[in-house]
1. Any chance you could count how many residues in region 37-56 are outside any loop (DSSP other than H, G, I, E, B), touching a residue at least 40 places away in the same chain (Cβ under 8 Å) and loosely packed, with under 12 Cβ neighbours inside 10 Å?
2. Can you tell me which residues in region 165-187 are assigned to a loop (DSSP other than H, G, I, E, B) and under 22 Å from the mean Cα position of the chain (by Cα)?
3. Please determine, by comparing only the residues of region 88-133 that are farther than 21 Å from L169 by Cα and in the same structural domain as I19 (by TED's automatic domain parsing), which one is surrounded by the fewest Cβ atoms within 10 Å (Cβ to Cβ).
4. Taking the options G341, G334, name whichever one is in contact (Cβ under 8 Å) with a residue 12 or more places away in the chain, small (G, A, S), touching a helix residue (DSSP H, G or I) at 6+ places or on another chain (Cβ under 8 Å) and farther than 20 Å from Q277 by Cβ.
5. Filter region 140-198 down to the residues that are within 25 Å of D59 (Cα to Cα) and of a type in the set (V, I, T), then identify the one that is surrounded by the fewest Cβ atoms within 10 Å (Cβ to Cβ).
6. Within region 252-290, how many residues turn out to be within 30 Å of K21 (Cβ to Cβ) and among the basic types (K, R)?
7. Exactly one of (1) of a type in the set (A, V, I, L, M, F, W, C); (2) surrounded by 15 or more Cβ atoms within 10 Å (Cβ to Cβ); (3) part of a helix (DSSP H, G or I) is unmet by C318. Its number?
Amino acid sequence: MDYKKLKKDIIAYSISIGIDKIGFASSDPFIEMKNLLLRQQSLGYQSGFEEKDIDKRTDPALIFDGPRSIIAIALAYPSKMKDAPRSKRGERRGIFCRASWGTDYHVLVREKLEQLAAYIDSRVSEARFKLMVDTGELVDRAVAERAGIGWSGKNCAIITPEFGSYVYLGEMITNLPFEPDEPMHDQCGECTKCIDICPTGALVQGGQLNAQRCIAFLTQTKGFLPDEFRGKIGNRLYGCDTCQTICPKNKGMDFHVHPEMEPDPEVVKPLLQPLLQISNREFKEKYGKISGSWRGKKPIQRNAILALAHFKEETAVCELIEVMQKDVRPEIRGTAAWAIGKIGGEDAKSALIKAQSVEQDTAVLLEIEKGLEFFTVQDGV
């Protein structure tokens, strides 16, 4: 088999099916990434969503029999929304991050990988593959960097010269010995804008992220959001783009080459108040196709409540009181109580006092107390 020719043919085929960038890497262990992950683990910086076995995350031979190379791909996604609705008093809106616009990228990237694998299989009958998109064992960023897709930026994203960091990544391990491409050298230079602007200081240094402080991670948690982050989440419902939008390498980067990635403005920038009472069925019907729905409606609803508090949206107080009184989930009742106090007003204060006399859950009672403390500050006590 002429693998040099096959590699050229694969590249040509990848372009024909809409893959925006492709690269080839060796299947050697990712030693530098392993050391970084071990440090992350020792510092308690991991999110908990990752594969827990660091050896599996960094050694292809532990998850695939006889790996010879890895093929990495990237798909460019849009950074700007056409006809984005405006958020205004009485009609406040939240926002999903750009990586959650359009059809779930896990589906889109996997489809491209499956097409690519089918093509290679048609050329080499003994070919074997293991496909991965985000939830696989390997670190997508490490593979993409080694394959020359882009360099690993200080914001912990792969940055490509052509598309900036607005790319979805995927890869396949294979038993075929493709010649590796040259990794791309770092082009961040002395720039630290992403580190400087991070709202929670999650970017501890270039290329190292404390996921426990990252807003993108925090928006996906299901419990009470820690107090120190409630004022920083803004109107984010899922994810955070701050370290991408500030990046000079992303200036002017906006690609609309995949129709499936185009955002529905009413889905990715939705009205907040309707989210408070949305049913599971309604949530699945409206949001089920985007990646930001993967944790269910609970985190989104909690974040919507915090966003209403961020806006101090007085028109939402009545609905928030109903949530505080009737929702069966303590995290949602409690967050509503905190938000009611944050927004303020006489109706808010009396509702909190009434709730305090009937609420049985200790965690919710604590949130009610926090809500009432806002009035103490307002009254100058």
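The values are calculated or read from the model by the stated rules, or taken from the named source; none is laboratory data. Owing to the predicted nature of the structure, the values given are computational and were not obtained by experimental measurement. Positions of Cβ are backbone-derived with ideal geometry, glycine not excepted, and every protein chain shown enters the neighbour counts.
1. Number of matching residues: 1.
2. S165, Y166
3. Per the criteria, the residue is S125.
4. Of G341, G334, the one residue that is in contact (Cβ under 8 Å) with a residue 12 or more places away in the chain, small (G, A, S), touching a helix residue (DSSP H, G or I) at 6+ places or on another chain (Cβ under 8 Å) and farther than 20 Å from Q277 by Cβ is G341.
5. T160
6. From region 252-290, those within 30 Å of K21 (Cβ to Cβ) are 252-265, 267-269, 287-290; that's our starting set.
Next, from what is left, pick out any that are among the basic types (K, R): 269, 289.
Selection size over region 252-290: 2.
7. With respect to (1) of a type in the set (A, V, I, L, M, F, W, C); (2) surrounded by 15 or more Cβ atoms within 10 Å (Cβ to Cβ); (3) part of a helix (DSSP H, G or I), C318 is out only on (2).
Residues are listed down the side, and each one gets a yes or a no for (1) more than 15 Å from T335 (Cβ to Cβ); (2) assigned to a loop (DSSP other than H, G, I, E, B); (3) modelled with pLDDT of 95 or more; (4) in the same structural domain as L276 (by TED's automatic domain parsing):
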{"position": "G201", "(1), (2), (3), (4)": "yes, yes, yes, yes"}
{"position": "V204", "(1), (2), (3), (4)": "yes, no, no, yes"}
{"position": "T221", "(1), (2), (3), (4)": "no, yes, yes, yes"}
{"position": "F224", "(1), (2), (3), (4)": "no, yes, yes, yes"}
{"position": "F229", "(1), (2), (3), (4)": "no, no, yes, yes"}
{"position": "L237", "(1), (2), (3), (4)": "no, no, yes, yes"}
{"position": "C240", "(1), (2), (3), (4)": "yes, yes, yes, yes"}
